[in-house]
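Scroll down for the structure; my scribbles are underneath it.
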Amino acid sequence: MKEIRIEENGNLGPINAAQIPRYAGFGTYARLPRLDQVQQADIKIVGVPFDTGVSYRPGARFGANHVRESSRLIRPYNPATDSSPFAQSQVADAGDMAVNPFNIHEAIETIEHEALELTADGATLVTLGGDHTIALPLLRAAARRAGAPVAMLHFDAHLDTWDTYFGAEYTHGTPFRRAVEEGILDTEAICHVGTRGPLYGKKDLEDDKRFGFGIVTSSDVYYQGVREIVDKLRVRIGNRPLYISVDIDVLDPAHAPGTGTPEAGGITSRELLEILRGLRGLNIVGADIVEVSPAYDHAEMTGVAASHVTYDLISLISDFRSREGVNAR
Ligand SMILES: N=C(N)NCCCC(=O)O
Ligand SMILES: [Zn+2]
Ligand SMILES: [Zn+2]
């Protein structure tokens, strides 16, 4: 089958859905070209099929391809941000990293190394997980590329600043404690959003605060509303290089059942998208969308939510890059 693509501004975009039905052909993210089909890419989407760090339901190793398959309906113009992300920037799907499922240390090294390679040309990386363990090597690479510790907004039901599980330091419940210990986060500007659910003890919150994290709980989103929260987050971040990590379990299980450690009382997909849109103009240097576990999904609900979150993140990055004039075209 010959690929007929939308081409705008010299950038090769998605397969044209008016000429080739959306459900036909290979499932790259948003039917975008593969990295090897373009000369360069400003924004690269990469999958990390890895879930060796999970503490409960497995299956996030299948998440990236599920998000890709659930992204076939994405259209090229984003009215919410008034942007055409795939025309403003060359966006391409870099495929998956091949990481060791039996050796978590080696897997983390591979992810860091591959993330550095993919960003060597100045591209911004958007990573589809995988479980939340992968945020640690991705943050290492982001801080290295930024040349400084990075600010972080962490959307998640969980803190993920716990210390160890069964004596293991590198798990999906511990990446952000490790990141603080390694000095790769700018602890003046790190915040969890959407936190909720039972903890092991009050100490979890005390430790988290000591590390420098702010917390906007799921209940805060309900009581204060999106606008007030966006204003506070923007003040906290300022113009620092910002990494955004989205654990899809930040959404209520009613919106995103396909995940490994679901917690009741989450935010809606509308609230999450609106908060993200409120971050327009910030200096986003990398992002991940993790913890999609398709075996627990129904009718691609979680996949569609994750693919739209990815789309809005790409829109923000594309806007910022084209405004800063750092794109190739
Ligand atoms: N990162 C995610 N999704 N979950 C962490 C849960 C850790 C626990 O089992 O307590
Ligand atoms: Zn979580
Ligand atoms: Zn998490």
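Beyond 37 Å, what share of the Cα-Cα pairs of the chain is found? Please give it as a whole percent.
Tail fraction, whole percent: 9.
Report the one residue of G167, Q37, A142 whose Cα lies farthest in the direction of the positive end of the charge dipole of the chain (charges on C-beta: Lys and Arg +1, Asp and Glu -1; origin at the Cα centre).
Q37
List the lysines whose Cα lies under 26 Å from the Cα of K232, skipping any in the same chain that are fewer than 8 positions away.
List returned: K202, K203, K209.
In nm, what is the difference between 0.36 nm times the number of residues separating Y223 and H105 and their Cα-Cα distance?
Length difference between fully extended and current span is 38.4 nm.
With everything on Cα atoms, drop me the angle between helix 226-237 and the longest principal axis of the chain, reported from 0 to 90° to the nearest 10.
Roughly 80 degrees, rounded to the nearest 10.
For n ≥ 4 DSSP H runs only, could you compute -39500 (n - 2.57) per run for the chain, divide by its residues and tell me the 222 nm figure to the nearest 500?
Values: 10 runs with 107 residues, N = 329.
About -10000 deg cm²/dmol.
Determine which lysines satisfy two conditions relative to K2: a Cα distance under 24 Å, and not lying fewer than 8 residues away in the same chain.
Within the straight-line limit of under 24 Å, K2 reaches these lysines: K44.
Set the Förster radius R0 to 25 Å, insert the Cβ-Cβ distance between N283 and D121 as r into 1/(1 + (r/R0)^6), and round the FRET efficiency to 0.05. Mind showing how you got there, number by number?
Numbers: r = 18 Å, r/R0 = 0.74.
Efficiency for this residue pair is about 0.85.
Mean projection of the alpha-carbon convex hull of the stretch 1-132 over all orientations, in nm²?
Details: hull surface 36.8 nm².
Mean shadow area of the hull around the Cα atoms is 9.2 nm².
Quick one: net charge around D220, please, counting Lys, Arg +1 and Asp, Glu -1 for every other residue with C-beta under 12 Å from its C-beta.
Net local charge, D220 excluded: 0.
Long-range amide H contacts for E8: which residues qualify at under 5 Å (H placed 1.01 Å from N, peptide plane, sequence gap of 5 or more or a different chain)?
Residues meeting the criterion, in which the H sits 1.01 Å from N, are G13.
Using each residue's phi in the stretch 115-127, evaluate 6.51 cos²θ - 1.76 cosθ + 1.60 at θ = phi - 60° and report the 3J(HN,Hα) Karplus result to the nearest Hz, with x for Gly and Pro.
Ordered by residue, 3J(HN,Hα) equals 5, 5, 5, 5, 9, 4, 8, x, 5, 9, 9, 10, 10 Hz.
Can you give me the distance in nm between label points at L205 and E182, each placed 7 Å from the Cα along the Cα-to-Cβ direction?
For L205 paired with E182, the spin-label model returns 2.9 nm.
What residues of the stretch 45-86 lie in the reach of a label at Y23, counting those whose backbone N is under 19 Å from a point 7 Å from the Cα along Cα→Cβ?
It comes to 66-75, nothing else.
In sequence order, what are the phi-derived ³J(HN,Hα) couplings for the stretch 294-302 according to the Karplus relation 6.51 cos²θ - 1.76 cosθ + 1.60 with θ = phi - 60°, rounded to whole Hz, with x for glycine and proline?
After applying 6.51 cos²θ - 1.76 cosθ + 1.60, I find x, 4, 9, 8, 9, 6, 6, 4, 5 Hz.
Would you mind checking which residues have amide H under 5 Å from I267's amide H? H placed 1.01 Å from N; only 5 or more apart, or other chain.
D252
Give me a comma-separated list of calculated 3J(HN,Hα) values for the stretch 84-91, in order, Karplus coefficients 6.51, -1.76, 1.60 applied at θ = phi - 60°, integers in Hz, x for any Gly or Pro.
10, x, 7, 8, 6, 9, 7, 10
Can you list residues from other chains, or at least 5 along the same chain, whose modelled amide H is less than 5 Å from the amide H of G214?
The list, which skips near neighbours in sequence, is I190, C191, H192.
What number, in percent, do you get for the relative contact order of the stretch 219-302 if the mean sequence gap of Cα pairs under 8 Å and at least 6 apart is divided by its residue count?
On the way: 113 pairs, mean separation 33.8, N = 84.
Relative contact order for the stretch 219-302 comes out at 40 percent.
Taken together, the values in this text are just the output of simple stated rules run on the coordinates, not laboratory data. Since the structure is predicted, the reported quantities are computational estimates derived from the model, not experimental observations. Quick reminder, even Gly has a Cβ in these numbers, built from the backbone with ideal geometry, and neighbours come from all protein chains shown.
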